[in-house]
Amino acid sequence: MEALSRTELADALKKAGYPARPVLPARDRSKLSAQAENLHLDLTIPGQFMELRELHNEILTAGESPQLLGALAPKLRDDRHAHGTALEPGT
């Protein structure tokens, strides 16, 4: 799939009208936006979804940072457990 994402899949997306976005360089440090900083307090499903969207948007618009990835990773892990798609130990 990795090879296809860089060749055939990328070409198909371009033909469908989706523009390519450059990957921004990673940053050494960043602060979470005020919105993302407070969204972790909202334990509802929509609140958690909004937090994921906010973190992804920050990475897409300004580049990765250890702080953003550190905030994003547990959310993705929790989401996989909530939907029963987490890998079982030893698989």
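The values are calculated or read from the model by the stated rules, or taken from the named source; none is laboratory data. Since we're looking at a predicted model, the values are computed, not measured. Reconstructed Cβ throughout: ideal geometry from the backbone, glycine too, with neighbour counts over all protein chains shown.
Matching residues to (1) surrounded by fewer than 13 Cβ atoms within 10 Å (Cβ to Cβ); (2) within 17 Å of the chain's Cα centre (by Cα); (3) under 22 Å from LYS75 (Cα atoms):
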position	(1), (2), (3)
TYR18	yes, no, no
ALA34	yes, no, yes
LEU43	yes, no, yes
MET50	no, yes, yes
How many residues are assigned to a loop (DSSP other than H, G, I, E, B) and either modelled with pLDDT of 75 or more or not small (Gly, Ala, Ser) (or both) when one looks only at the range 15-47? 22
For PRO25, work out the one condition from (1) farther than 23 Å from ARG77 by Cβ; (2) more than 17 Å from the chain's Cα centre (by Cα) it doesn't fulfil. (2)
